[in-house]
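This report concerns only the one structure given below.
The values are calculated or read from the model by the stated rules, or taken from the named source; none is laboratory data. Here the structure is a predicted model, which is why all the values come from computation and not from measurement. A quick note on method: Cβ atoms are made from the backbone with ideal geometry, for glycine too, and the neighbour counts reach across all protein chains shown. Quick note on the areas: whole protein, heavy atoms, side chains included, nothing else; ligands and nucleic acids left out. Shrake-Rupley method; radii C 1.70, N 1.55, O 1.52, S 1.80 Å.
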Amino acid sequence: MHILLTGGTGLIGRRLCRHWSAAGHRLTALSRQPQRVAALCGEQVRGIADFAAYGDEPLDAVVNLAGEPIADRPWSAKRKALLWDSRVRLTERLVDWLESRSQRPAVLINGSAVGWYGDAGERPLEENSSAAGEDFASELCLAWEQVAREAEALDVRVVLVRTGLVLAPEGGFLKRMLPPFRLGLGGQLGSGRQWMSWIHIEDQIALIDFLLRRADAAGPYNACAPQPARNRDFTRELGRALHRPAVLGVPGFALRLILGELAVLLLGGQRVVPRRLLDAGFTFRFPELPAALQDVLREQH
Ligand SMILES: NC(=O)c1ccc[n+]([C@@H]2O[C@H](COP(=O)([O-])OP(=O)(O)OC[C@H]3O[C@@H](n4cnc5c(N)ncnc54)[C@H](OP(=O)(O)O)[C@@H]3O)[C@@H](O)[C@H]2O)c1
């Protein structure tokens with residue numbers, strides 16, 4: 001199979017490239033720095049700077065993950081425009097390019113996030129029985145998914161991967177959380193009651209591969225382990241896995257003051273159920289948080 005990735009140089013993309021190269025697939029990654037693709041994704045992966053550079057070669061699948069990191073900085077108007085353009089506008093260009101091709105891929109696997117649901121409190125969230133939220137992150141995911149779905153009119157199977165917090169040794173949100181925890185300065189955020197839907201990076205790669213190969217998979221899939229954790233329980237497990245106390249905590253008002261609108265990502269939460277993956281027969285290798293954290297932190301040492 002020839003697979004085109006956007007965001008192939010990212011946390012999830014690099015692992016996908018390694019996984020699919022080993023399985024013998026041919027890979028191309030769209031990147032703002034195509035010259036770095038081989039070093040980051042593997043020697044066999046070709047880097048291109050724009051879709052047109054893909055050429056006339058047959059294309060079997062597209063995996064669209066590119067996007068400016070959402071939780072790195074407060075959401076100023078400029079930052080929001082960058083977050084939007086790097087996902088929604090880039091996906092519009094992708095769909096336009098697919099339309100212009102005489103040969104189209106069978107499937108588009110598009111990124112999204114559990115933030116699609118907004119801060120949903122205690123409600124368990126399944127794909128087909130829940131409404132989208134109304135904060136900026138929800139609007140962004142909603143628009144990103146809607147644009148991707150335009151490829152359905154081109155006879156492309158569109159899969160939307162609503163990803164939770166990815167636990168990985170080499171990066172992502174856990175790596176940012178670790179320094180204070182290692183110093184014994186970690187603790188819950190706000191009330192600590194908010195739900196965190198998480199997934200081990202190995203399960204994330206396995207489920208994207210599963211959805212690629214399942215010809216009947218289409219529409220939204222929650223990509224998170226079947227047992228989400230409250231922030232205070234996640235905090236306790238992380239402290240335990242690191243053999244450090246995790247009792248300090250940050251009050252909600254302080255986070256709102258420092259982070260503004262972005263604080264909703266930390267103080268709000270989603271209790272997400274991966275209903276459609278479970279119904280499709282996907283098996284999680286890391287369904288429980290303590291084992292997932294231990295595995296990820298073991299690889300860090
Ligand atoms: N990791 C998570 O916990 C998580 C959770 C939910 C959703 N997601 C979503 O899933 C996708 C992949 O996640 P990830 O963690 O692998 O992301 P990542 O490590 O941040 O990588 C994203 C990639 O997107 C490209 N990119 C960044 N800023 C861009 C911009 N301004 N314009 C165009 N391209 C840009 C970069 O590729 P180049 O530098 O090569 O251009 C980068 O490698 C993201 O869209 C993310 O929001 C991730």
Can you give the angle from 0 to 90° between the axis of helix 136-149 and the longest principal axis of the chain, with both taken from C-alpha atoms, to the nearest 10?
20 degrees
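Per residue and in cubic angstrom, what volume does the convex hull of the Cα atoms of the chain have?
Here the figure is 128 Å³ per residue.
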Helix axis angle, 11-22 relative to the chain longest principal axis, alpha carbon, degrees
50 degrees
Compute the accessible area per residue over the chain, keeping the other protein chains in place, probe 1.4 Å, unit Å².
45 Å²
Ignoring any ligand, DNA or RNA, what whole percent of the accessible area of the chain comes from carbon and sulfur when the probe is 1.4 angstrom?
52 percent
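Using unit Cβ charges (K, R positive; D, E negative) and no other charged atoms, how large, in debye to the nearest 20, is the dipole of the range 166-301 about its Cα centre?
440 debye
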Applying a 4.7 angstrom Cβ cut-off across the chain, unpaired cysteine residues come out as CYS141, CYS224
Compute the long axis of helix 90-100 from its Cα atoms, compare it with the longest principal axis of the Cα atoms of the chain, and write down the angle in degrees, 0 to 90, nearest 10.
20 degrees
Under the 7 Å Cα-to-Cβ spin-label approximation, GLN146 and ARG123 lie apart by a distance in nanometres of 1.9 nm
Going 7 Å from the Cα of ALA215 toward and past its Cβ, which residues in the range 57-77 have a backbone nitrogen under 18 Å from where you end up?
59-62
